[in-house]
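Structure record follows, encoded as structure tokens.
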Amino acid sequence: MNDEQLLRYSRHLLLDEIDIVGQERLLSSHVLIIGAGGLGSACAPYLAAAGIGRITLIDHDHVELTNLQRQIMHQDNSIGMSKVASGKHFLKSLNPSCQVQALEKRLDEPLLKELLGDVDVVVDCTDNFSTRHLINRVCVTHGKVLVSGAALRFDGQVSVFDFSDPNSPCYACVFPPDPNYVETNCASMGVFAPLVGIIGTIQAAQTLQVIIGFGEPLIGRLLIWNARTTQIDEIKLARHHACPVCGPGTH
């Protein structure tokens, strides 16, 4: 690290769990963030500010006035812009040394496989069930750590799936694929503005923990936040040996 970085990240360096070694891991890391809406708007800025070296941000959507209630990477003058272009501008203003790749594309399996290469952690900040299952399936196949979050109305959840751990469940172990599932999202159900901030920043914290390698990330655990009661619950998760994605003989 140079002198400017030593000063910029000095409050991290004071933490024994991070120190110079941990900060250098962040600076050399690459995180893929899928979704530049509410969750991505909270997660990505903290990762950029904390010193993640490279962030790839992917989203096909454009900024609308209805987004501004909660998607804090975007402002009034961002309306009509692609969310990834708006997000990149915001992240570079926070930390110019962070390399940000902005991809205005709709995610599909070939694109995700192409992107994974040297990615250290994949952060799922999407808002629909089918895309979450796609991300999970490809991460299982390629052995990438997945930090998954969701927020709707007043309820949010976060978990970490680490496929280098043979005991770690995958997303499909917890939420089995269902071809008849009816999608619900904040456009039809609503979402409490700070909820996406809470869940997104927890996703950022989990990502930093995984890369640096300290503490106990939410592997095998699902954290649930209820914004009505300000209550946090935790559910222990186990790998489902009949899982159609990570069970024996599936890959």
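Taken together, the values in this text are just the output of simple stated rules run on the coordinates, not laboratory data. Fair warning: this is a prediction, and the values are worked out from it, not measured in the lab. Cβ sites come from the backbone with ideal geometry, for glycine too, and all protein chains shown count toward neighbours.
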Inter-part gap, Cα centre of the stretch 78-114 to Cα centre of the stretch 119-180, in whole angstrom, is 20 Å
Taking Cα pairs closer than 8 Å and at least 6 residues apart, the relative contact order of the chain in percent is 20 percent
Volume per residue (Å³) of the convex hull spanned by the alpha carbons of the chain is 128 Å³
Membrane-span-like helices (DSSP H runs, Cα span along own axis at least 15 Å, mean Kyte-Doolittle at least 1.0) in the chain -> 38-50, 193-212
Filtered hits (lysines, Cα-Cα < 30 Å from Lys88, offset >= 8 within chain) -> Lys105, Lys113, Lys144
Note to self, the chain gives a 222 nm [θ] from helices alone (DSSP H runs n ≥ 4, -39500 (n - 2.57) apiece, / all residues, nearest 500) of -10500 deg cm²/dmol
Within the under-12-Å Cβ sphere about Phe214, not counting Phe214, Lys/Arg +1 and Asp/Glu -1 give a net charge of -3
